[in-house]
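Below is one structure, written out as structure tokens, with a few remarks after it.
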Amino acid sequence: MARAQSASLDRKKLFGDPVMVTTIVVLIAFLTLFILYPLAILLVDSIYSPEGGLTLRFFQESFSKYTFIRAITNTLKVGFLVGILSALVGLLFAYVEVYVKVRTKFMGGLFKVVSMLPVVSPPFVLSLSMIMLFGKAGIITRHMLGIYDNNVYGFWGIAIVQTMTFFPVCYMMFRGLLKNIDPSMEEAARDMGASRWKVFTSVTLPLLLPGIGNAFLVTFIESIADFANPMIIGGSYDTLATTIYLQITGAYDKNGACAMAVVLLGITMIMFLVQKFYLEKKTAATLTGKASRARMLIEDKSVTVPLTIFCSAIALFVVMMYICVPFGALFRTWGRDFSLTTRWFEQVFTRYKGFKAFQDSFVLSLIAAPITALLSMIISYLVVKRKFKTKGFIEVVSMLAMAVPGTVLGIGYIRGFAGGVFHSGFLQGIYGTGVILVIVFVVRSLPTGTRSGISALRQIDKSIEESAYDMGANSLKVFTSVTLPLIKDSFLSGLVTAFVRSITAISAIILLVTPSYLLITVQINEFAEKGSYGIACAFATILIVITYGSVMLMNFIIKHFGTSRKVKEVE
Amino acid sequence: MSGTQTKEPKGVRLDHISKIYKNPKTGQDFYAVHDVELDIKPGTFVTLLGPSGCGKTTTLRMIAGFESPDEGEIYLGGEPINELTPNKRDTAMVFQSYALFPHYNVFDNVAYGLKLRGVPKNEIKERVTNILKLVELTDMEQRMTNQLSGGQQQRVALARALVVEPGVLLFDEPLSNLDAKLRVQMRTEIRRIQQALGITAIYVTHDQSEAMAISDNIILMKGGVIAQMGSPTEIYYHPNSEFVADFIGECNFLPCTVTGREGEDVTAEVYGHPVKVRSEHDKLEGAAEIVLRPEAIEIADQGLLPCKVELSCFMGSYQNYHVRVGDTLVKIADNCPIGKKTFQVGDDAFISFRSECAHLLET
């Protein structure tokens with residue numbers, strides 16, 4: 001049996017569709033050049049020195065350094081704790097929303113805010129407010145409790161801030177999973193005599209177990225890749241991401257930084273592979289059923305009251321942390337002089353080139369967003385709806401980028417493009433310009449966009465596109481006249497997510513930005529490092545306003561012009 | 001006039017077509033379609049019928065161009081089309097899920113193919129209006145597709161495929177999402193429209209009564225190969241295998257021994273009782289099987305073969321019996337039972353049949 005004929009026919013059909021071929025070629029080139037190549041060059045740099053050829057010296061040197069070993073254990077410790085805490089808190093929030101009857105308007109609003117935070121939240125913000133609330137001059141510690149020497153820096157500071165940053169992601173994941181559990185299963189257990197707690201431990205929890213593992217690993221990866229928070233609140237508690245950054249910006253040890261980056265990349269990659277190919281499948285296998293009807297919500301006061309109080313407390317705490325930031329920008333001197341002033345905002349624009357910073361951040365992100373959104377929709381379309389040989393490559397590489405920590409990517413770009421591709425001078429021109437920043441923005445947001453595009457497209461019956469194809473439309477026409485209009489909502493939200501992610505990006509960017517570009521996040525980092533919290537808060541406040549505004553705008557557009565509108569009109 | 005097609009219908013020829021798939025569980029290659037040889041005449045209605053996994057849909061999708069054959073060549077109107085992409089083939093498909101564009105209204109859905117072909121606006125308007133009249137959806141142009149019932153959506157899908165006047169119209173189980181009554185109504189509609197336009201149609205279904213009702217020719221498939229093809233009556237009355245006989249309607253198989261032959265008239269013995277049957281198969285000797293349709297059997301106090309009643313059940317239009325003849329269970333549909341004697345479970349009776357209703361099969 002030979003499948004040669006169909007293979008050659010498929011190839012001929014593909015080449016009969018030049019738009020499709022061009023798209024695939026461009027995509028492969030882009031992914032190879034800007035994701036695979038920088039990572040490959042890291043690997044090469046970590047085992048090859050121009051003088052000595054192949055060597056494990058850089059790894060040996062790194063591992064013999066106490067600071068590096070400590071950074072690894074620190075990173076893993078934080079990641080582990082943050083993974084567990086975020087999964088637990090996220091699960092609790094989701095459980096309360098899906099299972100418990102607490103339908104007051106206030107709670108509903110609180111949950112909505114929490115679910116939106118990961119989208120609009122710039123890095124640093126929680127670290128900044130943590131320091132301002134609980135630090136040595138913190139309002140709560142010093143002024144309310146009278147504690148003068150509270151140390152928020154270090155392990156617990158990072159762990160708490162990261163947990164609060166990442167648990168909303170877990171909450172969203174669990175919410176989806178819990179909604180897919182058929183209530184009849186739990187009712188059957190209850191009907192046979194199980195208590196509510198027994199139902200949870202014997203039915204709900206076992207079904208969720210792979211999902212919990214999944215959430216843990218996703219958070220773990222986020223945590224160890226996180227650069228911004230350890231930078232601000234880590235103090236002397238260095239993690240891998242910050243150590244690598246210091247290694248290249250402080251010690252100028254390029255090969256050492258590469259070796260460390262390879263170690264960090266190795267850890268996240270293993271976690272990612274376990275999560276992607278083992279846990280995600282298991283989750284899907286246990287929870288594929290759709291809920292057959294509405295669930296009877298728990299009304300028992302002994303359950304609802306404690307859960308409600310706990311969740312509200314956490315949610316309020318998080319909201320308070322965010323509110324703290326604009327106030328930090330309005331007080332004259334945080335911790336001493338609480339008279340209101342617009343001084344910091346004025347300084348941002350008069351002394352610290354605030355306008356240029358916002359312009360640069362805004363324009364670069366505005367360029368990156370549509371490119372990212374379109375690219376991720378095209379990739380999703382190809383992955384879900386078409387079949388061709390290199391499809392697996394495109395899918396894997398674009399998803400792989402999710403597991404690459406920003407710091408690692410940043411080092412890869414420095415090593416890969418500072419002297420041009422393979423030090424040949426090719427594409428050297430983009431290094432140090434806005435182009436490379438835009439490319440980094442695109443690469444960093446691509447996996448999220450692609451993932452949401454893929455799940456949106458899976459909802460659409462494959463035969464709708466086939467019928468357009470069958471009626472005589474070529475690939476381009478199918479994509480523009482059928483696919484894109486049907487996933488308009490997903491496209492729009494991808495556009496805004498990419499914009500928000502870009503304007504709040506820091507980890508890779510901080511390594512690549514040159515003085516000719518001022519970026520808001522880099523400014524926040526600089527002033528927070530210096531301890532100028534007023535200026536940092538003023539920058540951060542404006543950033544929050546921009547991101548929040550864009551999300552509001554997106555929701556407005558989707559509500560009034562989205563695809564779901566027409567469908568809703570009918571019902 | 002809305003009911004004529006300006007373009008000539010095209011014939012379809014499959015020249016030793018095979019398709020190989022990989023079994024995802026074992027990793028082994030297997031033939032999903034094997035060496036299918038077909039010649040569909042222009043203007044005919046042909047049904048690919050068979051159980052799920054028999055290769056009928058794969059065959060249809062190869063004609064549409066979504067799948068590429070591993071062996072053989074497909075001809076449309078005499079031209080080889082293996083290398084053409086679906087959008088360049090002169091086919092139009094009606095999908096199981098209708099596959100209407102949810103973001104377009106009825107008019108735009110139907111007009112889609114015409115716009116792609118660059119047909120002038122006023123002609124599009126005219127042709128869409130005409131075709132909507134033909135499928136009885138006049139005045140529905142502005143509706144969104146989710147405002148339509150299942151049957152109406154089906155009509156839009158049909159109109160969308162018809163309006164481009166394809167050389168051949170392909171149907172992929174188009175009625176399986178409709179309820180039973182509507183299914184019967186729609187298949188009559190589809191047949192009426194196909195005959196009115198004189199278009200070539202290839203129709204995939206697993207529903208044998210649908211295939212019987214709608215087709216000029218039925219191609220019954222099993223395990224990737226053609227089990228039998230022919231007109232509905234040929235297939236029904238002259239099945240060439242137990243599988244075909246059983247798949248098309250209900251069937252009884254009585255073991256027998258051929259004892260003599262005179263032309264097509266054959267004498268045989270069933271459990272020691274002589275019976276007369278017909279067979280065009282002139283080499284059949286010794287052990288064989290008599291194929292008998294339930295409605296071709298009569299049950300009475302006198303007859304050819306003695307039997308014992310094991311089930312007797314009133315079904316409205318007929319009385320359903322299961323009787324035991326020797327070791328063999330025989331199902332009988334006694335039509336219009338009113339006024340006839342009703343046998344009860346445990347009764348002894350006789351069955352009989354006319355020789356032209358009994359068809360002989362090799363065992």
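Worth a mention:
- Note on chain B: with a GNM built from Cα contacts shorter than 10 Å, the maximum mean-square fluctuation among B:314, B:95, B:45 falls on B:314.
- Nearest-10 value in Å² for the accessible area of residue A:51, using the 1.4 Å probe: 150 Å²
- Candidate residues B:236, A:171: accessible-area rank, largest first, probe 1.4 Å: B:236, A:171
- Cα-Cα separations in segment A:385-447 greater than 17 Å, expressed as whole percent: 50 percent
- Averaging 1/r over each pair of different alpha-carbon atoms in segment B:250-362 and inverting the result gives 14.3 Å, the Kirkwood hydrodynamic radius.
- DSSP-loop trypsin sites (Lys or Arg not before Pro) across segment B:232-329, with at most 10 other Cβ within 10 angstrom: B:283
- In a DSSP loop and with at most 16 other Cβ atoms within 10 Å, the GluC sites (Glu not before Pro) in segment B:168-275 are B:250, B:264.
- Å² of accessible area per residue within chain B, as computed with a 1.4 Å probe and no ligands counted: 44 Å²
- Over chain A, dividing the summed -39,500 (n - 2.57) contributions of all DSSP H runs of at least 4 residues by the number of residues returns a 222 nm mean residue ellipticity of -23000 deg cm²/dmol.
- For chain A, hydrophobic long helices are taken as DSSP H runs at least 27 Å long by C-alpha position along their axis with mean Kyte-Doolittle hydropathy of 1.0 or more; these are A:66-99, A:155-179, A:205-225, A:254-274, A:301-330, A:354-385, A:434-458, A:533-561.
- Of all DSSP beta bridges in chain B, antiparallel share, percent nearest 5: 75 percent
- Long pairs among A:13/A:179; A:105/A:530; A:12/A:462; A:387/A:488; A:112/A:276; A:12/A:282, criterion Cα-Cα beyond 32 Å: A:13/A:179; A:105/A:530; A:12/A:282
- Estimated from helical segments only, the mean residue ellipticity of chain B at 222 nm is -7000 deg cm²/dmol, where each DSSP H run of four or more residues counts as -39500 (n - 2.57).
- Of A:227, A:327, the order by accessible heavy-atom surface (1.4 Å probe, DNA, RNA and ligands excluded), from most exposed downward, is A:327, A:227.
- Each peptide among B:155-165, A:180-190 gets the average number of other Cβ atoms lying within 10 Å of its residues, and from highest to lowest they stand as B:155-165, A:180-190.
- Nearest-10 value in Å² for the accessible area of residue A:344, using the 1.4 Å probe: 40 Å²
- Shape category assigned to the protein assembly as shown from the gyration tensor of Cα positions, a/c cut at 1.5: prolate
- Under 13 Å, Cβ to Cβ, from residue A:220 - net charge with Lys/Arg +1 and Asp/Glu -1: -1
- Chain B: angle of helix B:150-163 to the longest principal axis, Cα-based, in degrees nearest 10: 60 degrees
- Rounded to 5, the percent of DSSP beta bridges in the protein assembly as shown classed as antiparallel: 75 percent
The values are calculated or read from the model by the stated rules, or taken from the named source; none is laboratory data. Just so it is clear, the model here is predicted, and its values are computed rather than measured. With ideal geometry, Cβ positions are generated from the backbone for all residues, glycine too; neighbour counts draw on all protein chains shown. The accessibility values were calculated without ligands, DNA or RNA, using every heavy atom of the protein model including side chains. Shrake-Rupley method; radii C 1.70, N 1.55, O 1.52, S 1.80 Å.
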